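K.L.:
First the structure, which I've put down as structure tokens, then a few questions once you've had a look.
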Amino acid sequence: MVQGFATRDLNLCLQKLMVAGDMNGGGILKDWKDLPMELLLRILTLVDDQTVIVASGVCTGWREAVSLGLTQLCLSWCKENMNNLVLSIAPKFTKLQTLFLRQNKPQLEDEAVEAIAKHCHDLRDLDLSKSFKLTDRSLYALAHGCNHLTKLNISGCSDFSDNALAYLTSTCRDLKSLNLCGCVRAATDKALQAVGRNCNQLQYLNLGWCEKVSDVGVMSLAYGCPDLRALDLCGCILITDKSVIALADRCHGLRSLGLYYCQNITDRAMYSLASSGRREQQARQDLLFASVFNGNGNGSKYGKGKNEGLRNLNISQCTALTPPAVQAVCDSFPGLHTCPGRHSLIISGCLSLTSVHCACCRQVGPFSPRWPTTITPESFSVQ
């Protein structure tokens with residue numbers, strides 16, 4: 001990527017193109033407007049986002065190219081005046097589908113998000129994390145102007161209310177990824193009931209440290225969002241076994257579950273997970289046998305499912321759990337590992353669980369697998 005690119009650098013590039021064209025006997029480029037649109041769009045893909053913004057002010061041709069061709073933009077590099085920058089570019093970058101506005105210190109205000117909602121109707125992926133100044137006005141604006149959103153990160157936006165979040169879900173029904181980590185006012189049972197009612201395609205949800213969430217909200221998710229793949233309930237201290245049992249019964253595609261510091265979770269929840277894992281294994285075996293018996297040649301496809309099921313489970317600080325229950329979960333899901341390098345069953349702070357081991361650790365010999373797991377604790381962070 002080109003760093004620190006400025007208008008004078010672009011003009012130097014144009015001068016070189018003019019010389020090259022003259023030496024080769026081709027048409028001479030006299031101005032940026034002489035460049036074909038396809039070449040302008042290609043150039044945009046080769047420079048960083050800061051350069052794209054500078055380039056959009058060079059001439060009409062660049063401005064049109066940016067407006068028509070730019071679909072992804074990250075402004076996280078902007079340490080000052082991000083709010084004014086968004087206000088100025090939102091009317092020009094109307095074809096944006098992905099926009100990252102993560103901040104180290106709060107800059108964005110509601111008027112900037114309202115500008116995005118007014119002009120960027122094709123937006124699919126929006127990151128507003130750590131936007132501490134935003135209020136419900138922003139969520140209502142997004143609900144009206146960006147109802148094609150599939151991925152939304154509002155982690156740390158502590159001023160949003162559950163009413164505004166519930167309203168957003170009523171129009172943004174295509175959401176597949178939602179990060180509510182630290183949204184203590186927005187992430188309530190009322191809001192999660194709305195999510196379960198409206199966002200049936202949801203696959204990734206982060207509810208880390210949303211202390212108002214209880215079994216009512218999680219059970220609504222389990223019944224309304226059966227395609228959940230990853231759910232982080234880290235620090236949701238009110239949930240009990242009922243939540244985990246509902247997830248085990250309804251969300252058969254769940255691959256990553258975070259229960260850190262959920263100290264009301266007991267062995268009953270673990271045995272429920274283990275039971276669901278055994279049912280999945282039996283279902284895959286039945287499909288495999290049926291395919292072989294029918295001679296349809298699809299046996300290999302079903303055989304690949306041996307590592308399906310939970311691949312990441314964080315039960316750190318869940319001190320009520322016992323080794324037999326957790327071992328049952330580990331045995332039921334081949335994708336869970338305690339061995340070095342793969343460590344996807346996280347049991348930190350549970351001294352009584354040190355005897356729990358995956359099958360790899362019980363193997364003896366130099367050929368025990370040591371490749372890394374594909375899902376890590378970072379999988380819970382929906383960008």
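K.L.:
In region 149-217, which strands (runs of 3 or more DSSP E) lie fully inside it and hold 1 or more residues that are in contact with a Lys or Arg (Cβ under 8 Å, 6 or more places away or on another chain), modelled with pLDDT of 95 or more and basic (Lys, Arg)?
P.N.:
151-153
K.L.:
For region 138-160, which positions are among the hydroxyl-bearing types (Ser, Thr, Tyr) and under 20 Å from Gly235 (Cβ atoms)?
P.N.:
Correct list: Ser155, Ser158.
K.L.:
While we're looking at this one, here's another question. Does any residue of region 295-318 turn out to be out of contact with any strand residue (DSSP E or B) (no Cβ under 8 Å at 6 or more places or on another chain), outside any helix (DSSP H, G or I), within 18 Å of Ser344 (Cβ to Cβ) and modelled with pLDDT of 95 or more?
P.N.:
There is at least one residue in region 295-318 that is out of contact with any strand residue (DSSP E or B) (no Cβ under 8 Å at 6 or more places or on another chain), outside any helix (DSSP H, G or I), within 18 Å of Ser344 (Cβ to Cβ) and modelled with pLDDT of 95 or more.
K.L.:
Test each condition in (1) free of Cβ contacts under 8 Å to residues at least 40 places away in the same chain; (2) in contact with a helix residue (DSSP H, G or I) (Cβ under 9 Å, 6 or more places away or on another chain); (3) open to solvent by less than 80 Å² (accessible area, probe 1.4 Å) for Ser67 and report the one that comes out false.
P.N.:
It fails just one condition, (2).
K.L.:
In region 207-235, which residues are in contact with a Phe, Trp or Tyr (Cβ under 6 Å, 6 or more places away or on another chain), within 17 Å of Leu152 (Cα to Cα) and open to solvent by less than 10 Å² (accessible area, probe 1.4 Å)?
P.N.:
Of everything in region 207-235, just one residue is in contact with a Phe, Trp or Tyr (Cβ under 6 Å, 6 or more places away or on another chain), within 17 Å of Leu152 (Cα to Cα) and open to solvent by less than 10 Å² (accessible area, probe 1.4 Å), namely Ala230.
K.L.:
Within region 97-120, work out how many residues are open to solvent by less than 20 Å² (accessible area, probe 1.4 Å) and β-branched (Val, Ile, Thr).
P.N.:
Within region 97-120, residues that are open to solvent by less than 20 Å² (accessible area, probe 1.4 Å) and β-branched (Val, Ile, Thr) number 2.
Each row is one residue, and each column tells you yes or no for (1) farther than 30 Å from Phe132 by Cβ; (2) surrounded by 13 or more Cβ atoms within 10 Å (Cβ to Cβ); (3) touching a helix residue (DSSP H, G or I) at 6+ places or on another chain (Cβ under 7 Å); (4) at pLDDT below 75.
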position: Leu14; (1), (2), (3), (4): yes, yes, yes, yes
position: Asp22; (1), (2), (3), (4): yes, no, no, yes
position: Gly27; (1), (2), (3), (4): yes, no, yes, yes
position: Trp32; (1), (2), (3), (4): yes, yes, yes, yes
position: Met37; (1), (2), (3), (4): yes, no, yes, yes
position: Leu46; (1), (2), (3), (4): yes, no, no, no
position: Asn81; (1), (2), (3), (4): no, no, no, no
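The values are calculated or read from the model by the stated rules, or taken from the named source; none is laboratory data. What you are looking at is a predicted structure, and each value in this text was computed from that prediction instead of being measured. Here the Cβ is made from the backbone with ideal geometry for all residues, glycine too, and neighbour counts use every protein chain on show. Heavy atoms of the whole protein, side chains included, go into the accessibility calculation; ligands, DNA and RNA do not. Shrake-Rupley method; radii C 1.70, N 1.55, O 1.52, S 1.80 Å.
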